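Everything on this sheet refers to the single structure shown next.
The values are calculated or read from the model by the stated rules, or taken from the named source; none is laboratory data. What you see is a predicted model; the values in this text were computed from it and never measured. FYI the Cβ positions are ideal-geometry reconstructions off the backbone, even for glycines, and counts take in every protein chain you see. For accessibility, only protein heavy atoms count, side chains too; no ligands or nucleic acids. Shrake-Rupley method; radii C 1.70, N 1.55, O 1.52, S 1.80 Å.
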Amino acid sequence: MKKVMITILILAVLGAGGYGAYYYYTENVAGSQGRVSSSSEDAVYVEKVSVITGYGSGNGLTERYSGEVEAQATLEIKLDSDRTLDECYVKEGDIVEEGQELFSYDTQEEEDQIAQDEIDIEKNEMSIEANETQIAQYEKDMSSYTDEDDKLEISLQIMSLQNENRSLEYENQSKELEIESLQESIDEAVVTAEMGGLVQKISDSDDSSDYYSDSDSAYITILAEGDYRIKGTVNELNYDNLYEGMEMIVYSRVDSSLTWTGIIDEISTENDEEEEDSYYYYSSSSSDTSTYSFYVELDSSDGLLLGQHVYMEANTGQSDKSGLWLEEFYIMEEDDGACVWLANTSNVIEKHAITLGEYDEEMAEYEILDGLEADDYIAFPTDGISEGDPVVYSDIAVVSDDDSDDEEYYDADDDEEYYDADDDEDSDFYYNVDDEEYYDLDDEDWDDEDWDDEDWDDEDWDDEDWDDEEYSDEDLVYDADAEEYIYEDE
């Protein structure tokens, strides 16, 4: 039996014989529902209902911000670069209480210096006492001298001794102050926790590349116990949209049904240059704009994990409602009831009936009781939409060009890859299902020798071989060049 070559147009409606390849393709590339975006200029843009209703980002009315769960307070304790660490009394993961000893400095150098200063002070005091005795003797002797030159000489010696004593007294005062400072340093050699919490990190003080490479690095970081808060980022273009006291909703990234509420209690005015994940929707931000931090105090942090990444948006009342609610401008009123433009499983748009429930006048939203699911895709109603128009999904990439003359085919026996049957070096590419990536034949990493034109032969397809009695549905394949389905020639 000849090697089976199943050829398809990715956006064509596949028949029974091509379904196996189409199913494998859509399962690995376009998703479990077999959704494929069209590249047609007439394609209708559709968005997922869960995106539109879950976060409010689908219509651009509500901005969404990224955030990270952090402790309400963080204590960072830095080492004194002029001192030597003696002993650390805690380890990472320990829970410490306020006032608990964390680590101590080596005080041997301070103790030695105090001892030396005390010896120097004692020596100076002995020198001062001896000078005072000598001065008293000079003053006694001078009263017996009658020669003025002798009296002047003795007076100069007395003055010299008095100046020496004043210098020694000043030196002693300086050493006493130094002793006080050294003693204070010894008394503060043991560093205690200024607040209770979890010891999150202890840097390696012996590794200069780890600690001393950054003078602002903390030796011990303690996270306060209890409730968490959310640190969010906002772009300078959206900075003025936030204000302290603003109510916010926090969404889990992995489960949009998990939400928390809180208020913004702080907005930073300093540019957060290290932030690289300023994530929000429908803005004209660019990579060269600045980002700032803001902090959300939560009503409850139950279920949140330290370091967890979340999304946030302003709380405009959407958190008070359960079920599926859709903005009214997505809904069309027809004679036979309400409907929406829905992308069906054939990847074309259709009018789809829905059942409406309550109406929220403030939010201009209807509750959807039936006819619409969170995984469905819908379009914003415009005059140019007609039933049967192809669709382009907001979260599914276009995988082929309908206007291209190139024919794409799928080789089920050859590494499960898509190729371009047209031998046009300017546009050839192949799709690797395992890697889920497209590759350009012009790429140096692609070896033309990997593809043998002899594997593909137009003579393998013969319209005259069509015989319902000889072939089953399993033998049906699509001939991209002839744009028709045929049976393989056994």
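Taking the residues in segment 309-340 that are modelled with pLDDT of 85 or more, over 30 Å from Leu223 (Cα atoms) and in contact with a Ser or Thr (Cβ under 9 Å, 6 or more places away or on another chain) as candidates, determine which candidate is surrounded by the fewest Cβ atoms within 10 Å (Cβ to Cβ).
Looking only at segment 309-340, we keep the residues that are modelled with pLDDT of 85 or more, and these are 309-315, 325-340.
Applying the additional criterion that residues be over 30 Å from Leu223 (Cα atoms) yields 325-340.
From what's left, in contact with a Ser or Thr (Cβ under 9 Å, 6 or more places away or on another chain): 325-327, 337-338.
Numbers: Trp325: 19, Leu326: 21, Glu327: 18, Gly337: 12, Ala338: 18.
Top of the filtered list is Gly337.
Please go through segment 368-392 and pick out each residue that is open to solvent by less than 50 Å² (accessible area, probe 1.4 Å) and in a loop (DSSP other than H, G, I, E, B).
Scanning segment 368-392 gives Gly371, Leu372, Ala374, Asp376, Pro381, Ile385, Gly388, Asp389.
Against the condition at negative phi, open to solvent by 90 Å² or more (accessible area, probe 1.4 Å), in a helix (DSSP H, G or I) and hydroxyl-bearing (Ser, Thr, Tyr), how does Tyr138 come out, does it pass? Working first, answer last.
Numbers: at negative phi: yes; open to solvent by 90 Å² or more (accessible area, probe 1.4 Å): no; in a helix (DSSP H, G or I): yes; hydroxyl-bearing (Ser, Thr, Tyr): yes.
In short, no.
Check Asp216, Asp149, Asp207 and return the single one that is at pLDDT below 90 and in a helix (DSSP H, G or I).
Details: Asp216 fails: in a helix (DSSP H, G or I); Asp207 fails: in a helix (DSSP H, G or I).
Selected residue: Asp149, the only one of Asp216, Asp149, Asp207 that is at pLDDT below 90 and in a helix (DSSP H, G or I).
Anything in segment 224-237 that is closer than 15 Å to Tyr311 by Cβ and either of a type outside the set (S, T, N, Q) or surrounded by fewer than 18 Cβ atoms within 10 Å (Cβ to Cβ) (or both)? List them, or say none.
Answer for segment 224-237, where residues must be closer than 15 Å to Tyr311 by Cβ and either of a type outside the set (S, T, N, Q) or surrounded by fewer than 18 Cβ atoms within 10 Å (Cβ to Cβ) (or both): Ile230, Lys231, Gly232, Val234.
Might you let me know whether segment 90-107 holds any residue that is out of contact with any Pro (no Cβ under 6 Å at 6 or more places or on another chain), aromatic (Phe, Trp, Tyr) and open to solvent by less than 70 Å² (accessible area, probe 1.4 Å)?
Within segment 90-107 (the criterion being out of contact with any Pro (no Cβ under 6 Å at 6 or more places or on another chain), aromatic (Phe, Trp, Tyr) and open to solvent by less than 70 Å² (accessible area, probe 1.4 Å)), the answer is yes, since at least one residue qualifies.
Go through segment 82-109 and count every residue that is outside any strand (DSSP E or B) and among the hydrophobic types (A, V, I, L, M, F, W, C). I'd like the intermediate steps shown before the answer.
Restricting attention to segment 82-109, the residues satisfying the condition of being outside any strand (DSSP E or B) are 82-84, 89-94, 97-100, 106-109.
Restricting the remaining residues to those that are among the hydrophobic types (A, V, I, L, M, F, W, C) gives 90.
Here the count works out to 1.
Taking only pairs six or more apart or across chains, which ones have beta-carbon atoms under 9 Å, a first residue in segment 75-97 that is on the phi > 0 side of the Ramachandran plot, and a second residue that is surrounded by 13 or more Cβ atoms within 10 Å (Cβ to Cβ)?
Here the result reads Gly93/Leu198; Gly93/Val199; Gly93/Gln200, each pair linking segment 75-97 to a residue that is surrounded by 13 or more Cβ atoms within 10 Å (Cβ to Cβ).
Name, by its number, the condition in (1) modelled with pLDDT of 90 or more; (2) open to solvent by 30 Å² or more (accessible area, probe 1.4 Å) that does not hold for Leu306.
Among (1) modelled with pLDDT of 90 or more; (2) open to solvent by 30 Å² or more (accessible area, probe 1.4 Å), the lone unmet condition for Leu306 is (1).
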